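> Please find one structure pasted underneath; my questions will follow.
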There are 2 protein chains.
Amino acid sequence: MKYKRNERIGALAFILTNNPNKIFTYSYFTEKLDAAKSTISEDIVIVKELIEKLDSGSIMTIPGASGGVKYIPKLSAEEEKEFLCEISEKLSNPERIIVGKFVFMTDLIYSPDITDRIGKIFASRFTDEDIDYVVTIETKGIPMASMTAKALNRPLVVIRKEIKITEGATVNIKYMSKSTGTIQSLSLSRNSMKENSRVLVIDDFMRGGGTIDGIKSIMKEFKSEVVGIGVLISKCSDELKETNKVKSLLELKEIDDDKNILKIVPSE
Amino acid sequence: MKYKRNERIGALAFILTNNPNKIFTYSYFTEKLDAAKSTISEDIVIVKELIEKLDSGSIMTIPGASGGVKYIPKLSAEEEKEFLCEISEKLSNPERIIVGKFVFMTDLIYSPDITDRIGKIFASRFTDEDIDYVVTIETKGIPMASMTAKALNRPLVVIRKEIKITEGATVNIKYMSKSTGTIQSLSLSRNSMKENSRVLVIDDFMRGGGTIDGIKSIMKEFKSEVVGIGVLISKCSDELKETNKVKSLLELKEIDDDKNILKIVPSE
């Protein structure tokens, strides 16, 4: 089927946006859009400039035989700032305080328009880390980790808290939760990931860092390295964050049930 | 900022694709793309025809004061067929059999390029059902349910198997698993959804239907109705599926550890 130039631009924007971080060869497009390679090259330049004009990521062209073109997603600076302010405000409602210590947030962190944007933000923060897998622990971080994996075009790995029959042979470890003082279990299927991988960990909340230590130790069993950690909300020292290469989007500054105060703000 | 026609077509395709089932007003686009309403109308007609030409869903224009335009995602017939065949083939590897009865599939059903397509297929199957929430049970169905929720632009609700402190006040029920004969628990935060809602349930596997009964009974506590059920793989009677308005993408036809046979095929 023949496409006019403005249709080709629309089709390229459509296909690239739908498949972030996936490399498409020029021949894929010449065939799909029935156009010469030189024509497609010109079209891609237009799409590249357009995405920059919209401040919504970038189009990268990869030279060479295995080369092609891919879309790297990113929220515009303005959209990211507005989004983080908006979600901080919603989360800072004192009615969300649970037993003086926890914040009710599943209504927000499962919502796809929120997780989609969180995923794009995390993907853009860790885009240079050469990630092989996005790893999370069940349950609350799974939707945002799914969207991060989609934005990075990398497989998702979900660590279970119990040994499950449907996971087959598993690797299991125990660790101490620093915030509750209890022993926790982690379990991961032997077949869930390849060894010698670079992983990005995504989670909804970070406090004492015990879970992070647990994840690192189970990753060691897969000879794999945690090269970055993205958390939505952190309540821990800057030192702990630096040591663990943690990037958090929001900070829990204050939570006090008696005084009815809950203060969550965007990270600096 | 001024945009040329082919840039506007690209921008419209980009924005609409990134936000499936979200209604954008014409004024949003006239402002964003600095163009007259009549110009944007013409551009949208071009994008509409383009999406049809690509057989990748449709652009719907909603008339009236609260009107606008939205993108309804759908895989092309050919892409959907190829995808379901490909995933059936991958799942039918007898090495995936676990203790004679279960299928190891987390490596596939967490992969974002697979869950993204599953989400779009489910969204297109239930697009006329006027869904308020996409509901799933932890853990394995969450990534595909997230993507379905994204494609339908509806909030996701995740039912937990245990009562969790971070969920606040919860509604809890017990049910009997028909396939294992054990008592199971379901728990859902009071604040997770509004009453009188129409919900679409998404899950990875359906056997005896006990879980479906459990979900229906917890939904009744929210005065809400299950208007459709989308499962990736089913192994149950057509009658059970019809009674429960179940649409399954794949069928588990045969599983036999001794004979080394695993047969999963696309549903008819």
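> Round to a whole number: what % of the accessible area of the range A:162-221 belongs to carbon and sulfur, probe 1.4 Å?
Details: 1420 of 2850 Å².
Roughly 50 percent, rounded to a whole number.
> Right, here's the next one. Averaged over peptide A:102-109, how many Cβ atoms belonging to another chain are found within 10 Å of each residue's Cβ? Display every interim value, and only then the final one.
Values: counts 5, 2, 8, 1, 12, 7, 1, 1.
Going residue by residue through A:102-109 and averaging, the value is 5.
> How many Cβ atoms of partner chains, on average, are near each residue of A:159-166 if near means within 10 Å of its Cβ? Could the numbers behind the result be given before it?
Numbers: counts 0, 4, 2, 3, 0, 5, 5, 12.
Partner-chain Cβ atoms within 10 Å, mean over residues of A:159-166: 4.
> Now a separate question. Could you pull the copy-to-copy label distances for B:Asp55, with points set 7 Å along Cα to Cβ, in nm to one decimal and sorted shortest first?
Those label-point separations list as 4.0 nm.
> Shielding by partners for A:50-60, please: the mean number of other protein chain Cβ atoms within 10 Å of each residue's Cβ.
If you average over the peptide's residues, the count of other-chain Cβ atoms is 3.
> Give A:Lys150/A:Lys216; A:Lys48/A:Lys120; A:Lys216/B:Lys174; B:Lys90/B:Lys150 a once-over and call out the pairs whose C-alpha atoms are over 29 Å from each other.
Pairs exceeding 29 Å: A:Lys216/B:Lys174.
> Turning to a different aspect of this structure: Over the range A:1-101, what is the relative contact order in whole percent, taking alpha-carbon pairs under 8 Å and six or more residues apart?
Numbers: 96 pairs, mean separation 26.5, N = 101.
Relative contact order comes out at 26 percent.
> What pairs in A:Lys2/B:Lys37; B:Lys22/B:Lys235; B:Lys140/B:Lys164; A:Lys178/B:Lys178 have C-alpha atoms more than 30 Å from each other?
B:Lys22/B:Lys235; A:Lys178/B:Lys178
> While we're here: Helix A:112-125 sits at what angle to the longest principal axis of chain A, using alpha carbons and giving 0 to 90 degrees rounded to 10?
Around 80 degrees separate the two axes.
> Now for a separate question. Once you've got the GNM for chain B with C-alpha springs shorter than 10 Å, pick whichever of B:Asp203, B:Asp130, B:Asp116 has the biggest mean-square fluctuation.
Of B:Asp203, B:Asp130, B:Asp116, the most mobile in the Gaussian network model is B:Asp130.
> How much of the DSSP bridge set in the range B:97-216 is antiparallel, in percent, rounded to the nearest 5?
About 60 percent, rounded to the nearest 5.
> Moving on to the next point. With both partners inside the range A:164-267, how many of the DSSP beta bridges are antiparallel, as a percent to the nearest 5?
Around 50 percent of the beta bridges assigned by DSSP in the range A:164-267 are antiparallel ones.
> A follow-up question, please. Per residue, how much accessible surface does the range A:3-50 expose to a 1.4 Å probe? Answer in Å², no decimals.
Accessible surface, normalised per residue, equals 41 Å².
> Going by Cα centres, the range B:185-221 and the range A:150-174 are how many Å apart?
After rounding, the separation between the Cα centres reads 24 Å.
> So how tilted is helix A:210-221 from the main axis of chain A? Cα-based, degrees 0 to 90, rounded to 10.
The angle comes out near 60 degrees.
> Follow-up question, since we're still on this one. So how much accessible surface do B and A hide from each other in total, probe 1.4 Å, in square angstrom to the nearest 100?
Chains B and A together bury approximately 4900 Å².
> Mind listing the long-range amide H neighbours of B:Ile98? Cut-off is under 5 Å, sequence gap 5 or more, other chains count too, H placed in the peptide plane at 1.01 Å from N.
Amide H to amide H, under 5 Å and 5 or more residues apart or across chains, B:Ile98 pairs with B:Val103, B:Phe104.
> Then there is this: Please work out the average accessible area per residue across the range A:109-242, using the 1.4 Å probe convention, and give it in Å².
37
> Let me ask you something else. Using the 7 Å Cα-to-Cβ label point, sort the distances from B:Asp128 to its equivalents in the other copies shortest first and give them in nm to one decimal.
Those separations, rounded to one decimal, come out as 5.2 nm.
The values are calculated or read from the model by the stated rules, or taken from the named source; none is laboratory data. All values reported here derive from a predicted model rather than from experimental measurement. With ideal geometry, Cβ positions are generated from the backbone for all residues, glycine too; neighbour counts draw on all protein chains shown. SASA here: full protein model, heavy atoms, side chains in, ligands and nucleic acids out. Shrake-Rupley method; radii C 1.70, N 1.55, O 1.52, S 1.80 Å.
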